[in-house]
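Data first, discussion second: the structure below is written as structure tokens.
The values are calculated or read from the model by the stated rules, or taken from the named source; none is laboratory data. Given the structure is predicted, the values throughout are model-derived calculations rather than measurements. Note that each Cβ is placed from the backbone with ideal geometry, even for glycine, and that neighbours are counted across all protein chains shown. Side chains included, ligands, DNA and RNA excluded: accessible areas come from the protein's heavy atoms. Shrake-Rupley method; radii C 1.70, N 1.55, O 1.52, S 1.80 Å.
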Amino acid sequence: LKYTIPGNLEPGATRTIQLVTIATPLLPEGQVINTASALAKAGPLSVVVASNTATAGVKTSKGVFANKPVILGRVYIDNNDNNSFEIGIDTPLAGARVYLSDGRYAITDSLGRYNITDLEADGVYALRLDPITVPYQPKPEPDDEGQPGNRKVRVPGGGISIEDFPLYPNRAAIVKARATTVSRGPVQIVKSLVQGGAGYAITMTITLSAPVQNLAIADPLPKDATRGIATLTSSNGAVLISTLENDTIKIPGILEAGVYKLVYPIFSALPPENVVTDPNISFEEVIR
């Protein structure tokens, strides 16, 4: 892959190239070495100079694509009480611990997800959600044998078994607050909020009537609030790149006309009516 950075770089200046890569099941297990180097013309004579080669190693494993069975799932606060995780409505719970009967455990990531790999085929495993790591009571399930937070899972000869752990929310804390709508040119954003668990789930529904480039959404936080990781998805569920710089969410490249959802949590002790702030939109027109 080759990239050209236009213009001049003054001494001490930096440019950043950010890539997203996808590891497919064909990737071999082991160590993958990434390398990068640069060429540039320097000085009044425009002499071509080369940098050293930078390297970074990544350890890869088959994970959920291995031949052995895998148990994966999500721990989340079921804000709308429908026993199904919905982005922007329910609250994924990070840091929850899920124990396996052989003593192993997994800890959920920022999206509430966990996975346990390298299981023996055709075995029966007991799962236990550590109650110390979750704020609310697990909801009962048909296979918990009357003990919410427990599971018995029979894994097949291979493949994936899914076991989610929905939690009862604090009923007094579930509030749908006001939504705000802003529009500029071909861009319309509807920003809404659902309160539940430790904070609020913010959803921005971005509707584009025409393609735009380098969309930036200035999204100030209310006083003393903190923001969690933002996830941007297209209408077909594909996850897209977004970055955060000084309360501005930036979406690089071209977004085609369509509907997109940007979801992130906010942690704040403020009441719902004081949490939703009005975003500001900027973008570049796409001329074709």
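Table for the structure above
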read-out: Filter result (in contact (Cβ under 8 Å) with a residue 24 or more places away in the chain and either assigned to a strand (DSSP E or B) or of a type in the set (A, V, I, L, M, F, W, C) (or both)) within the stretch 1-54; value: 9, 20, 23, 27, 30, 31, 32, 33, 34, 40
read-out: Residue ranges of strands (runs of 3 or more DSSP E) in the stretch 230-272 with at least 2 members open to solvent by 30 Å² or more (accessible area, probe 1.4 Å); value: 243-245, 248-255, 258-267
read-out: Single unsatisfied condition, residue 26 versus (1) open to solvent by 60 Å² or more (accessible area, probe 1.4 Å); (2) within 29 Å of residue 264 (Cβ to Cβ); value: (2)
read-out: Qualifying residues in the stretch 208-229 (those that are of a type in the set (Val, Ile, Thr) and open to solvent by less than 50 Å² (accessible area, probe 1.4 Å)) - the one nearest to residue 85 (Cα to Cα); value: 217
